[in-house]
Structures are given as structure tokens and as C-alpha cells.
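**Student:** Okay, here's the structure, questions in a sec.
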């Protein structure tokens with residue numbers, strides 16, 4: 001049985017002040033297997049974030065349903081860890097307290113919380129910054145904390161909504177390696193939304209390309225690159241071949257998206 | 001020196017702040033000692049200082065100051081204890097807001113001083129009446145301002161907390177509340193300043209003690225020196241309490257003041 005079943009999920013946003021309703025997402029069906037690392041690639045405004053928010057339970061589908069381990073998703077919960085593109089650390093909590101937030105909501109004992117936090121602070125290389133407030137951290141460090149905060153809850157699936165989108169290129173590349181390393185170690189199931197082709201190929205075992213609005217899944221490409229993946233894989237002919245294909249797929253959609261705006 | 005939004009060094013900031021006080025006293029001295037304004041209407045700075053010493057040595061003015069501070073704090077604390085939780089509930093839950101907001105918005109415009117005759121009728125001229133004026137003046141303001149602060153909480157943090165397993169109580173107590181606390185504290189600092197205005201008004205009518213009562217007594221004797229000194233003391237206490245409040249906020253919420 002699939003880990004996550006997205007069945008016929010669509011989303012129509014009602015029109016604002018008598019305007020036309022917006023079809024953000026066409027009926028979409030998708031099966032995510034255990035340990036899958038799926039990246040969802042699409043032009044901006046294609047509904048990929050909407051899809052992720054529906055899986056998270058932060059938005060309700062207009063039609064269809066989402067099932068995680070056979071149970072229908074109705075509201076947000078700690079079994080689906082989410083990292084957002086914007087910085088969403090709690091500014092009044094330190095790095096350590098942020099990571100413990102979900103554990104505290106679960107009512108886990110302080111000592112156990114500290115152990116789990118320590119483990120993930122190490123995992124995302126934040127030792128020495130445990131007692132810093134988010135405002136004292138760089139963007140990359142904040143997103144690493146957000147990642148640790150989601151992982152600490154031991155979710156069944158990780159949902160990442162362009163988590164590295166606001167970071168500079170070098171930091172982003174390092175974050176990709178870090179996340180991939182964590183995935184190779186823990187074998188979490190991951191749904192990762194991005195508009196960066198390199199990022200999509202480098203981390204995924206499946207890349208889904210979405211069409212321009214109204215979004216639907218256009219193609220589902222298996223990425224058959226060996227693990228553990230080293231950053232040098234990005235310069236191999238195999239990687240280049242995937243990139244060439246995806247560039248064509250996404251280019252058509254980007255042009256459509258740009259034309260739709262006029 | 002006049003670059004828009006350019007920060008000024010702490011030393012210069014203090015110097016400029018003190019400079020204004022110097023200018024103020026020089027102007028005051030100039031119009032009084034220079035005979036531009038007759039002493040009947042405005043005492044000169046030396047006369048005001050002398051009256052001040054008399055007030056402390058002969059008229060037990062520190063007791064008046066103590067009772068006024070007690071009234072301000074008492075009324076303010078009572079108002080805050082009820083207003084802050086109500087404001088938080090209104091900010092967090094839109095149906096609570098819809099229930100209370102119209103009435104409180106109306107009540108906010110009822111001038112506290114206009115209630116004084118009624119309050120004297122209901123509560124006499126004792127402490128309950130003085131406290132009531134301050135409570136009426138502060139309560140509705142605090143409720144509305146706290147509701148606006150909590151209502152403006154960051155939705156993305158609420159969503160993040162939901163994905164981390166926070167439920168209703170967790171969201172209110174561990175996301176909305178800590179996020180809003182520094183601004184609530186700033187609001188309380190502001191309203192405490194207004195409470196000082198209400199207490200003096202309350203003491204001008206039907207009071208036997210307090211700074212306002214002293215100022216009223218001095219008017220009967222046409223002692224502008226005492227009146228000015230009393231007003232000056234109110235300003236000074238306001239300045240000190242404001243400073244302490246600010247310092248406490250910076251200590252309690254260091255994360256909020258990180259640039």
C-alpha cells in the first residue's frame with residue numbers, strides 16, 4: 001500500500017468581489033511510496049504549493065481526498081512535518097526551544113526532549129548556536145533549524161515548500177546536500193516543491209513536472225542516479241540528460257504561464 | 001546631522017534631550033524674571049523650587065505623592081488584570097471579538113472624567129471612586145489595543161505550529177501570547193501614562209489627598225509656585241515610570257529588541 005495517496009484532489013479558489021473563481025489545481029492523483037523523495041517542479045503559480053498545503057491539512061481540497069497510511073487527512077498534524085519557504089521559526093524561542101516545540105506539544109518529558117534536540121542540532125550542524133534567537137541567525141541557519149524542528153517530531157512524511165528558495169546559491173547547494181544526507185540516513189518520505197531544476201534532480205528519486213495554471217501533473221520522471229549522491233553528480237552526463245529533458249518540459253510551461261499573465 | 005532616519009549616537013541623544021530641558025528653563029526664567037508674565041499667573045523657577053521644598057517640609061507632600069501613585073497603580077493593575085485576557089480572547093477568537101467589539105468601541109469614547117459625578121453618587125468620595133475613574137479610563141483602551149495586537153499575529157507562525165501538532169490551547173498560549181507579549185507590554189506602558197491624567201482629574205474633584213488635591217488647594221491660595229511644582233512632579237514620576245517600564249521590557253523580551 002502507498003504511504004500517501006492523493007486522489008483526484010483539486011482546488012478552486014472562490015472569486016474575489018464577484019470575480020471569476022481561480023482554478024489553482026486540476027484534479028490530481030498521485031501515489032507516494034514509503035521512502036520516496038519526490039520533487040514537484042513547476043512554474044510559479046502552478047498550484048504546487050497549494051497541493052502541498054492540502055497534504056499538510058492547511059488547505060481543504062475542493063474535490064478529492066488525501067490519505068496518509070490509509071487515514072484521510074482533515075487537518076494539520078505532527079505526522080506531516082512541514083518546512084515553509086518563509087522563515088517561520090518562533091522569534092521568542094531559541095534554536096533549541098524551537099526544535100523542542102512539537103515535542104512539548106506532545107507532552108514529552110524534558111530530558112527526552114533535550115536528547116532529541118541535541119541529536120538534531122548535531123544533524124543540522126547548529127552546535128554552538130542552540131541558545132541563539134532566530135533573529136541572530138543567517139537565513140540558511142534558520143532553515144536548518146526549521147528542518148530540525150520538523151524532523152524532531154519524527155513525522156511520517158516531510159513536506160518542504162521551496163525551503164531553500166530565499167537562500168543564495170552556495171548556501172542552497174550545501175542545504176541540498178545536508179537534506180539529502182539526512183534522507184539517505186533516515187529514509188524519510190519526502191515531498192519537496194521547487195522551481196529549481198538542478199535541485200529537483202539532485203535530491204529526488206522521482207520528479208513530477210506540473211503544468212502552468214491550472215496546475216496538473218504533466219509527467220513523472222524517475223531519477224536513476226546512485227546513492228549516496230555526491231555534489232559532483234551534478235556535472236555527470238546522466239545528470240545533464242535529465243536536466244536537458246526537464247528544461248524542455250518546464251520551458252513550455254513557463255512560456256504558457258507568462259502568456260497567461262497578458 | 002539631518003540625514004533622514006540616520007541613527008544618532010547615545011551620547012549625543014542624551015545631550016540633545018538635556019538641551020531641551022535647559023532651553024525650557026531658560027525661556028521660563030526669561031519670561032518670569034524679565035517681568036513679561038506677572039508672578040500672579042506664573043511663578044518663576046526659583047519660586048517654584050522654594051514652594052517645592054516647603055511642600056515637602058511643611059505640607060507632607062510625599063504622602064500626597066504616595067497616595068496618588070497607589071491610586072494610579074491600583075486602578076491600572078485592576079483594569080489590566082481583566083482587560084488583557086479579554087483582549088487576548090477577542091484577538092484570538094473572532095466570534096468573541098464580534099460579541100464585545102461594538103460595545104467596547106462605544107465605551108472607549110465615554111470620557112472617564114464625565115463619570116466622576118456619577119461615581120461620587122455611587123461610590124462616594126473614597127478610594128473606590130478614584131480607582132473607578134482610572135479603571136473606566138484604562139480598561140476599554142487596553143482591551144481594544146490588546147485585541148488588535150493579538151489579531152495581527154503572524155498567520156504563518158500559527159500554521160507552522162499546527163504542523164508541529166499545536167491545538168487550540170497550544171496556539172493561543174504558546175504562539176499568539178508569547179508573540180504578542182512585548183507589544184502588549186508597550187501598550188500597558190502607554191496606558192499607564194494616560195492613567196496619570198485620569199487620577200489627577202479624579203483628585204481635583206472631591207478629594208482630601210493626592211497631588212491633584214494639592215494643586216486644587218494651591219489654586220485657592222493663588223500659589224502658582226506650588227501648582228507648577230505639583231505638575232512638575234507628575235511629569236517627573238511619569239518619566240521615571242516610563243523609563244523603568246522600558247528597561248523591564250528590554251530585560252524580559254530580549255528577542256524582541258534584537259536588531
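**Student:** Roughly how far apart, in whole Å, are the Cα centres of segment A:202-262 and segment B:220-252?
**Tutor:** 68
**Student:** Just to compare against my own numbers: the Cα pair-distance distribution for segment B:43-257, 10 Å bins, whole % per bin, please.
**Tutor:** Pair shares across the bins are 8, 28, 28, 20, 11, 4, 1.
**Student:** Still on this structure, I have one more. Can you tell me the 0 to 90 degree angle between the C-alpha axis of helix A:139-152 and the longest principal axis of chain A, rounded to 10?
**Tutor:** With rounding to tens, the tilt is 80 degrees.
**Student:** Can you work out the base-10 log of I(q)/I(0) for segment A:120-211 at q = 0.22 1/Å, using the Debye formula on its C-alpha atoms alone?
**Tutor:** Taken in order of the listed q values, log10 I(q)/I(0) reads -1.22.
**Student:** Ok, one more. To the nearest 10 degrees, how steeply does helix A:237-260 sit against the main Cα axis of chain A, on a 0 to 90 scale?
**Tutor:** Around 60 degrees separate the two axes.
**Student:** Moving on. Ranked by Cβ crowding within 10 angstrom, fewest neighbours first, how are B:18, B:233 ordered?
**Tutor:** B:18, B:233
**Student:** Also, I was wondering about something else. Give the average, rounded to an integer, of partner chain Cβ atoms located within 10 angstrom of each Cβ in A:76-88.
**Tutor:** 4
**Student:** Follow-up. Note the direction-averaged projected area, equal to a quarter of the hull surface, for the Cα convex hull of the protein assembly as shown, in nm².
**Tutor:** Computed as one quarter of the Cα hull surface, the answer is 34.0 nm².
**Student:** Using alpha carbons only, how many angstrom separate the centre of segment B:49-106 from the centre of segment A:23-74?
**Tutor:** About 52 Å separates the Cα centre of segment B:49-106 from the one of segment A:23-74.
**Student:** Roughly what would the spin-label model give for residue B:56 and residue B:21, points 7 Å off Cα along C-beta, in nm?
**Tutor:** Here the answer is 1.5 nm between the modelled labels.
**Student:** If we count other beta carbons within 10 Å of each Cβ, what is the order of B:90, A:1, A:141, fewest first?
**Tutor:** The most exposed by this proxy come first: A:1, A:141, B:90.
**Student:** Compute a Gaussian network model of chain B, connecting alpha carbons closer than 10 Å, and tell me which residue from B:86, B:244, B:40 fluctuates the most.
**Tutor:** Judging by the Gaussian network model, the answer is B:40.
**Student:** Using Cα atoms only, what is the angle between the long axis of helix B:45-58 and the major principal axis of chain B, expressed in degrees (0 to 90) to the nearest 10?
**Tutor:** Long axis of B:45-58 versus the principal axis of chain B: about 80 degrees.
**Student:** Using Cα centres only, tell me the gap between segment A:111-131 and segment A:154-184 in whole Å.
**Tutor:** Result: 18 Å between the Cα centres.
**Student:** For chain A, with a Gaussian network of springs between Cα atoms less than 10 Å apart, report the residue from A:231, A:242, A:87 with the top mean-square fluctuation.
**Tutor:** So, out of A:231, A:242, A:87, the one fluctuating most is A:231.
**Student:** Same structure again: Would you calculate, for chain B, the mean residue ellipticity at 222 nm contributed by helices, counting each DSSP H stretch of 4 or more residues as -39,500 (n - 2.57) and dividing by all residues, to the nearest 500?
**Tutor:** -26000 deg cm²/dmol
**Student:** What order do you get for A:50-56, A:66-72 when each peptide is scored by the mean count of other beta carbon atoms within 10 Å, highest first?
**Tutor:** Descending mean neighbour count gives A:50-56, A:66-72.
**Student:** Given labels modelled 7 Å from the Cα in the Cβ direction, how far is it in nm from residue B:155 to residue A:74?
**Tutor:** 2.3
**Student:** May I ask you to sort B:231, A:182 by Cβ crowding, counting other Cβ atoms within 10 Å and putting the fewest first?
**Tutor:** With the fewest neighbours first, B:231, A:182 line up as B:231, A:182.
**Student:** Most mobile of B:226, B:183, B:141 per a Gaussian network model of chain B (Cα springs, under 10 Å)?
**Tutor:** B:183
**Student:** In deg cm²/dmol, rounded to 500, what helix-only [θ] at 222 nm does chain A give when every DSSP H run of at least 4 residues adds -39500 (n - 2.57) and the total is split over its residues?
**Tutor:** Mean residue ellipticity, 222 nm, calculated: -12000 deg cm²/dmol.
**Student:** Shielding of B:154-160 by partners, i.e. mean partner chain Cβ atoms within 10 Å per residue?
**Tutor:** Average neighbour count from other chains, rounded to a whole number: 6.
**Student:** Describe numerically, in nm with one decimal, the distance between label points set 7 Å from Cα along Cα→Cβ at residue B:239 and at residue A:222.
**Tutor:** Between residue B:239 and residue A:222, the label points sit 7.9 nm apart.
**Student:** To the nearest 0.05, what FRET efficiency results for residue B:30 and residue B:169 with a Förster distance of 60 Å applied to their C-beta separation?
**Tutor:** Here the calculated transfer efficiency is 0.45.
Read the figures in this text as sums done on the coordinates, not as results from a lab. Remember, predicted model here, so these are calculated numbers, not experimental data. No Cβ is skipped: glycine too gets one built from the backbone with ideal geometry, and neighbour counts run over all protein chains shown.
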